């Protein structure tokens with residue numbers, strides 16, 4: 001007979017077992033690359049886990065930041081992700097608000113249509129997109145990259161924000177309208193202030209998708225003008241004489257901004273991402 | 001009537017953009033799949049079903065299709081099961097779980113390229129973390145570069161998908177589980193249901209909506225994902241990880257045979273549409 005106390009102990013044991021295995025599997029790769037970025041070349045190749053404390057070095061970071069064009073790529077990545085986020089938010093806040101609050105014939109068709117674009121193989125549609133960008137003369141420009149990366153984030157962003165707005169009481173808008181607010185005043189003074197968590201999550205999503213994109217940038221990029229971190233990281237890690245210390249440092253510098261932003265939105269992230277799933281009929 | 005007008009105006013910018021940069025490219029891509037378009041050649045001829053006919057006897061195409069389906073099916077199935085398990089652990093009110101909950105989704109936010117570099121680094125022969133770990137537990141004779149092994153490469157690609165997405169599943173399922181009223185569990189307990197029965201009859205139906213959304217978007221994302229394979233193995237070794245998106249990319253941007261590449265891309269779309277139709281059929285039957 002298993003007593004309830006024994007059962008509780010057994011359960012805690014199972015929970016912590018899952019936690020430990022998960023921590024090892026999910027977190028240790030990140031810790032390992034961060035740790036390795038501070039090790040000297042010889043230490044990395046030594047096949048030993050530990051390095052004596054005095055042998056840690058900042059050399060890898062110094063080299064990657066001074067010898068290569070890494071700072072330029074970092075700036076490009078930031079600039080592009082920033083604009084993608086701004087434009088996407090502008091479109092999706094307005095669009096999601098329209099879908100959430102207005103009676104519209106064939107509304108479900110629009111929602112389904114926007115969502116089903118997630119089904120389109122990106123490798124297929126990127127061919128005509130390349131040609132459009134080329135004909136517009138925007139190849140290898142920030143604007144061209146931003147326009148083509150928008151397709152990665154806009155559908156999900158609209159869907160997510162629509163779900164979020166749906167969960168806000170309609171009385172809010174009613175009250176604002178009775179007070180004589182027009183749509184943009186209602187949106188700006190009433191809806192946006194109470195949707196900050198949802199908007200932060202949408203912004204975060206847009207930023208990290210653009211920051212991490214490889215496929216789109218590999219096609220619309222031609223030179224250093226628009227080269228981003230994923231491109232340089234791929235190049236560094238695929239070179240024949242691979243310098244793992246520097247690759248590790250570059251990887252850490254690529255990851256850190258996303259982790260910092262993640263720490264700000266972490267509390268709202270899942271609620272925001274899945275707002276459409278909870279009440280998105 | 002005025003209401004409708006305003007609503008439409010608000011969504012119009014998004015619709016125009018999506019039309020121009022997503023829907024038009026899709027139809028254009030499908031149209032090109034019936035031609036012999038080549039990036040370096042000016043002349044384009046309509047060739048009917050010739051590209052599709054060629055696909056039928058293209059072994060690499062069938063191999064890629066097979067790998068794409070294997071990767072998608074096993075990654076999504078494992079993510080679902082392990083995500084449920086993780087959600088169960090995350091749900092417990094024990095010391096430290098809150099902290100664990102807050103950091104675990106970090107795997108989902110970092111760039112795919114970074115994930116691939118991390119795992120390539122860990123998979124190196126000799127000084128890679130995986131091999132050092134194997135040596136530590138006495139399995140040093142299996143010391144190889146894991147992405148370069150014909151049998152290990154495909155499971156490793158699946159592993160990359162699992163690493164990135166399981167925490168997202170776990171945290172999403174947790175959110176759905178927390179929305180189930182406690183009184184449902186109490187009612188089940190009064191009816192004599194044990195933990196397993198209440199899981200089947202209360203938890204699973206309660207998170208049904210979330211499961212549907214998570215599985216659907218991950219089937220699409222995994223099947224269409226190009227970056228993990230391209231960056232980690234490039235389809236190798238000896239085509240052991242070749243998938244459809246990679247094949248499209250290589251046809252278009254390396255061989256410049258855009259017409260043929262587009263026909264493979266169109267097949268990808270058809271596969272996903274078949275998945276959708278089957279899925280909706282099952283969904284409707286269950287609803288009845």
For a quick protection proxy, order the peptides B:205-213, A:230-238 by their average other-Cβ count within 10 Å, most packed first. A:230-238, B:205-213
Cα-based equivalent ellipsoid of the stretch A:94-182: semi-axis lengths in Å, sorted from largest, via gyration tensor: 34, 16, 10
Can you tell me the equivalent ellipsoid semi-axes for the stretch A:25-86? Use √(5λ) from the Cα gyration tensor, largest first, whole Å. 30, 17, 8
For the stretch B:107-146, shape from the Cα gyration tensor axes a ≥ b ≥ c, cut at a/c of 1.5 then a/b versus b/c, turns out prolate
Here the whole-number average of other chain Cβ atoms within 10 Å per Cβ of B:130-141 is 1
I need the shape label for the stretch A:141-268. Rule: rounded when a/c is under 1.5, else prolate if a/b > b/c, else oblate, with a, b, c from the alpha carbon gyration tensor. prolate
Normalising by the residue count of chain A, find the relative contact order in percent from Cα pairs under 8 Å and 6+ residues apart. 31
Separation of alpha-carbon centers, the stretch B:49-113 and the stretch A:1-62, rounded to whole Å: 23
Remind me, relative contact order of chain B in percent, using alpha carbon pairs under 8 angstrom and six or more residues apart? 28
Would you mind giving the mean number of other chain beta-carbons within 10 Å of the Cβ of each residue in A:94-104, as a whole number? 6
Partner shielding of A:19-32, taken as the mean number of other chain Cβ atoms within 10 Å, equals 6
Largest-first principal axis extents, alpha carbons of the protein assembly as shown, Å: 81, 72, 49
Highest GNM mean-square fluctuation, chain B, Cα pairs closer than 10 Å: which of B:226, B:199, B:119? B:199
Relative contact order of the stretch B:1-90, defined on C-alpha pairs under 8 angstrom at six or more residues apart (%): 13
Could you sort A:108-114, B:262-268, A:43-49 so that the peptide with the highest average Cβ count within 10 Å comes first and the rest follow in order? B:262-268, A:108-114, A:43-49
Once Rh is set to the Kirkwood radius over Cα pairs, what Stokes-Einstein translational diffusion coefficient, in µm²/s, holds for chain A at a temperature of 20 °C and a viscosity of 1.002 mPa s? 97
By the C-alpha gyration tensor axes a ≥ b ≥ c (rounded if a/c is under 1.5, else prolate when a/b exceeds b/c, else oblate), the shape of chain B is oblate
Take the stretch A:4-61, drop everything but the C-alpha atoms, weight them equally and run the Debye formula without solvent; then report log10 I(q)/I(0) at 0.19 Å⁻¹ to two decimals. -0.73
How many angstrom separate the Cα center of the stretch B:145-219 from the Cα center of the stretch A:73-151? 30
For chain A, modelled as a GNM with alpha-carbon contacts under 10 angstrom, which of A:219, A:126, A:242 fluctuates the most? A:242
Which residue fluctuates the most in chain B, going by a Gaussian network model with Cα springs under 10 Å, if the choices are B:135, B:150, B:50? B:135
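Read-outs: derived from the displayed coordinates by stated rules, not from any lab. Being a predicted model, the structure only gives us computed values, none of them experimental. FYI the Cβ positions are ideal-geometry reconstructions off the backbone, even for glycines, and counts take in every protein chain you see.
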